[in-house]
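Asker: Here's a structure for you.
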Amino acid sequence: MNRRLLPCVLFTLCLASAALAQPPPQPASPTPPWLPRGAYLGTFIRDGVIAPQARLQWQLVFFQGRTDTLGLLIEPLAALAVARPGTVVEGEDVPMTSFQYYSLMFALGYTSRRGPGWEWGFQVGTGPAWLHARFQNAPNDKDEESYLGGLLDGRARIGYRFDSVSLGFTVGYGDPYNYRRSSLARSYVGGLQLGFYADWR
C-alpha cells in the first residue's frame, strides 16, 4: 500500500527543482524556527477504527519564493481510537478494548499560494511510531501489544490565508511498515485521514 504515496514523492521532487527558478523570496517568517508554525486536527479511518489525531508542526523552510515554499516539516503525532472493531480475529470473539499510537514524523512539504489568499500544498513523510493496544479473549493470552515500528504518511491540503494565519482542509493516507508480522493491531494503523489545519508561518 505504500506505493500509493510514490507519485506524491516524485511530484515533490519535480516541484523542488522547478521552484529554484522562482522570483526572489519574500521576507522571512516572523515565527522563530524553534516554535511551532502549524497545527493539525484530524482522524484516521481504517477497518472499523476511528482514531482522532493531533499534531504540532515545526517548519524548517529551505526555499521560499513569491508563491511557492519548500521545507522540512517535523510533526509529533498522537492518535487515540474512539471506535474499534468488534473482533480482531476473524471468526472469533476478540474485541479490541483500547488502541493508540504516537509518532514523530519528518516530511518534505510544499505550499503554493495563488490569488487573493487561496493556497494548496501537500507533504510526504515518515517516522517512528509507537503502538499500544489491548484485547479481550486474545489467542495465546496475548491481551496487550506494545512495540515500535514505522509510519509512512502523506496528505494534500487546500485552504485560505487570513492575514497571518492560514486555515484549511486536508485529506491523506497513512500506512505502517517495519511492524511485527504477528501483530493483531497493525492492520488498523493509519488509513484514510481527514482533518483541518492552521498555519501561522
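Asker: Please turn the phi angles of region 63-79 into ³J(HN,Hα) values with the Karplus equation 6.51 cos²θ - 1.76 cosθ + 1.60 (θ = phi - 60°), one per residue in order, whole Hz, x for glycine and proline.
Answerer: Once rounded to whole Hz, the list reads 8, 9, x, 5, 10, 10, 9, 10, x, 8, 10, 10, 10, x, 10, 9, 10.
Asker: Just subtract the alpha-carbon distance of I50 and V89 from 0.36 nm times their residue separation and send over the number in nm, one decimal.
Answerer: 12.2 nm
Asker: With a 1.4 Å probe and all protein chains kept in place, how do E144, E90 rank by accessible area, largest first?
Answerer: E90, E144
Asker: Accessible surface of I50 in the full protein assembly, 1.4 angstrom probe, to the nearest 10 Å²?
Answerer: Accessible area of I50: about 70 Å².
Asker: Could you work out how far apart the two model spin labels at E144 and Y160 are, taking each label as a point 7 Å from the Cα in the direction of the beta carbon, and quote it in nm?
Answerer: Going by the 7 Å Cα→Cβ label model, 4.9 nm.
Asker: A further question on this structure: Under 18 Å from a point placed 7 Å out from the Cα of L194 along the Cα-to-Cβ direction: which residues of region 150-179 have their backbone N that close?
Answerer: From region 150-179, the list is 154-159, 168-174.
Asker: Could you work out how much longer the chain between H132 and T97 gets when fully extended? Use 0.36 nm per residue separation minus the Cα distance between them, nm to one decimal.
Answerer: Length gained, H132 through T97: 11.5 nm.
Asker: Give the label of the value calculated from the structure for mean projected area of the Cα convex hull in nm², choosing from [x] 12.5; [y] 18.0; [z] 11.6.
Answerer: Correct label is [z].
Asker: While we're on this one: Taking the 0 to 90 degree range and rounding to the nearest ten, how far is the long axis of helix 6-19 tilted relative to the main principal axis of the chain, both from C-alpha atoms?
Answerer: Taking Cα atoms only, the helix is inclined about 20 degrees.
Asker: A follow-up question, please. Using a 1.4 Å probe, what is the accessible area per residue for region 23-147, in Å²?
Answerer: Here the residues of region 23-147 average 49 Å² of exposed surface.
Asker: Over the chain, with every protein chain in place, what whole percent of the accessible area is carbon and sulfur at 1.4 Å, could you tell me?
Answerer: The nonpolar share, carbon plus sulfur, comes to 64 percent.
Asker: Computed FRET efficiency, Cβ-Cβ of R181 and F63, R0 35 Å: what is it to the nearest 0.05?
Answerer: For R181 and F63, the calculated efficiency is 0.30.
Asker: Measure out, as a whole number of angstrom, how far apart the alpha-carbon centroids of region 46-65 and region 75-110 sit.
Answerer: That distance is 16 Å.
The values are calculated or read from the model by the stated rules, or taken from the named source; none is laboratory data. Everything numeric in this text was worked out from a predicted model, so none of it was measured. For neighbour counting, all protein chains shown are included, and Cβ atoms are generated from backbone atoms with ideal geometry for every residue, glycine included. Calculation scope for accessible area: heavy atoms of the full protein, side chains included, ligands and nucleic acids excluded. Shrake-Rupley method; radii C 1.70, N 1.55, O 1.52, S 1.80 Å.
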